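What follows is a single structure, written as structure tokens, with notes after it.
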Amino acid sequence: MGIIGTIFIGLIVGLLARFLKPGDDSMGWIMTIVLGIAGSIAATYGGQALGIYQAGQGAGFLGALVGAIVLLVLYSLITKRN
């Protein structure tokens, strides 16, 4: 899967992560999608580099979802401190 496919999956993953992550987020949909794309890219290429899964496997989608949720949690922790 190329970068365009990863970005498209990131859009979907960002929205799913927003619904799955508990708590009240004050960020908008655009920021959610951006963090979803970033989490998707990081988890997809990170997981492939570590040899956890190959391109096109379903585990890549789950890895992208987990990566997006982690970024959403980190973002909410950083913004609440300020």
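The values are calculated or read from the model by the stated rules, or taken from the named source; none is laboratory data. Small disclaimer: the values here were computed from a predicted structure and weren't measured. For neighbour counting, all protein chains shown are included, and Cβ atoms are generated from backbone atoms with ideal geometry for every residue, glycine included.
Observations on the model:
- Of residues in the range 51-76 being free of Cβ contacts under 8 Å to residues at least 24 places away in the same chain and either of a type in the set (Phe, Trp, Tyr) or outside any helix (DSSP H, G or I) (or both), the one surrounded by the fewest Cβ atoms within 10 Å (Cβ to Cβ): 51
- Criterion violated by residue 19 - all others in (1) loosely packed, with under 13 Cβ neighbours inside 10 Å; (2) part of a helix (DSSP H, G or I); (3) touching a residue at least 40 places away in the same chain (Cβ under 8 Å) satisfied: (3)
- Residue in the range 57-74 that is modelled with pLDDT under 80, touching a helix residue (DSSP H, G or I) at 6+ places or on another chain (Cβ under 8 Å), of a type outside the set (D, E, K, R) and over 15 Å from residue 20 (Cα atoms) present: yes
This table checks each residue for (1) part of a helix (DSSP H, G or I); (2) within 12 Å of the chain's Cα centre (by Cα); (3) surrounded by fewer than 17 Cβ atoms within 10 Å (Cβ to Cβ).
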residue	(1), (2), (3)
5	yes, no, yes
8	yes, yes, yes
32	yes, yes, no
39	yes, yes, no
49	yes, no, yes
